[in-house]
Amino acid sequence: GNARNAVRVLKKYLANHYSEEATAELASAYFNLGTVDQGVDTYQKLIENNPIATGYYSRLASLYYNLGNYKKAESYVQECIAIAPYIDSYHQTLANTYSELGLQEAAETSYRKAIFYNPYNYDARRQLRILNEQPDIFSSFTEPDVYQIYADAPEGTDSPNDHSLLLADETHKVLYADGGSEEKHILVVKVFNTNGVDTWKDYQIPVYNNQDGSIDKAEVLKKNGARIAAETNGGYIVFSNLEEGDAIHITYRLQNYFSGKLANHFWGSHFFELFLPVAHTSLSLLVEEGTNFSYKVENGELEPQIEQFDKYERDTWEANTVPDTEQQALIPNLTTIAQTLQ
């Protein structure tokens, strides 16, 4: 009913006026009614009146793509690219279309163009791997067995002052040669007393304004073997049923976006000592060929294990059974005293 009414009202209005907005509304109303041909004709009028408005070509391309008419979709995306050749999303849409048409090489070329124009198009990177039947890039890291780690965890630590034990703190980071990096973080913490429960009952994922974050998993691991999903709101996690002897498990991902002169650079640090005891902590960098980086370990010695993987080198630094850094009133901050990889 509503779409029919809209068509009636808009047609009546457009009989005496020209409005790009009202014409676009009319096209949408036709599509909502399932009268695709009339919707397409209405869009064609918009294109005739504004032949360089790529948005209309792009909408028609999406429409035909969703209808499974990949040939038509391809011709409209080509129109977009002819007008605006440097927009990564158009090349990505073209790649998706070629992929559906079974044109593997053409699809690969278009995905690579999308990535060339925007190294931060992580979705195009993922789709290119799927096209080439390569596994998810993160599967090249050794995943910790979170549940086994908790099952094998000690009842307490050597120090009665420790309220919790960091069972695992792993960072898996992929660095692409043409700019862009994405990472996965795995955190498992066992709590021993009410102080530990208070410390870990909620957690804010550290996402900065040049990053996108997403949570793969956030759960409480109970003593009786149960796993209870935590409540999440954006990057904020609440473990409402955390009790002494339980653990929390968080796996989250970050994608990094930098602009300007820093776009092709990356930096970071990883602490191997914290204000609580650490059973296992590691940083693993998967570095694409053609990427140079230097590192420095402060307040200690740490050598990476280096392995080759496909067109990447994987460098892993790890430390096991690290006692906590005593938290005294006058102690300097962690950066100055803890073993840190920069």
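The values are calculated or read from the model by the stated rules, or taken from the named source; none is laboratory data. No experiment lies behind these values; they were computed from the predicted model shown. Glycine gets a Cβ as well: all are built from the backbone with ideal geometry, and neighbour counts include every protein chain shown. The area values use the complete protein model at the heavy-atom level, side chains included, leaving out ligands, DNA and RNA. Shrake-Rupley method; radii C 1.70, N 1.55, O 1.52, S 1.80 Å.
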* Taking the stated definitions as given, is V297 more than 26 Å from N193 (Cα to Cα), without any contact (Cβ under 8 Å) to a residue 60 or more places away in the chain and of a type in the set (A, V, I, L, M)? -> yes
* Asked: Out of all the residues in segment 286-322, which are part of a loop (DSSP other than H, G, I, E, B) and among the charged types (D, E, K, R)?
  -> E289, K296, E301, E303, D310, K311
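Could you list all residues from segment 255-299 that are touching a Lys or Arg at 6+ places or on another chain (Cβ under 8 Å) and either at pLDDT 85 or above or open to solvent by 70 Å² or more (accessible area, probe 1.4 Å) (or both)?
L283, S284, L285, L286, V287, E288, E289
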* Those residues of segment 233-252 which are closer than 18 Å to D198 by Cβ and open to solvent by 50 Å² or more (accessible area, probe 1.4 Å), in sequence order -> Y236, S240, N241, E243, E244
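Test A106 against the stated conditions and say whether it is over 25 Å from the mean Cα position of the chain (by Cα), outside any loop (DSSP other than H, G, I, E, B) and at pLDDT 80 or above.
On the way: over 25 Å from the mean Cα position of the chain (by Cα): yes; outside any loop (DSSP other than H, G, I, E, B): yes; at pLDDT 80 or above: yes.
When the stated conditions are applied, A106 passes them.
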* Asked: In segment 123-136, how many are open to solvent by 10 Å² or more (accessible area, probe 1.4 Å) and in a helix (DSSP H, G or I)?
  -> 8
* Structure fact -> Over segment 233-255, the set of residues part of a strand (DSSP E or B) and touching a helix residue (DSSP H, G or I) at 6+ places or on another chain (Cβ under 7 Å) is A247, I248, H249, Q255
* Pairs, first of a type in the set (D, E) and surrounded by 15 or more Cβ atoms within 10 Å (Cβ to Cβ) in segment 64-78, second modelled with pLDDT of 75 or more and in a helix (DSSP H, G or I), C-beta under 9 Å, six or more apart -> E74/L94; E74/T97; E74/Y98
* Asked: Within segment 95-118, is there a residue that is open to solvent by 70 Å² or more (accessible area, probe 1.4 Å), hydroxyl-bearing (S, T, Y) and in contact with a helix residue (DSSP H, G or I) (Cβ under 6 Å, 6 or more places away or on another chain)?
  -> yes
* With the checklist (1) in contact with a helix residue (DSSP H, G or I) (Cβ under 9 Å, 6 or more places away or on another chain); (2) modelled with pLDDT under 80 in hand, flag the one item P304 doesn't pass. => (1)
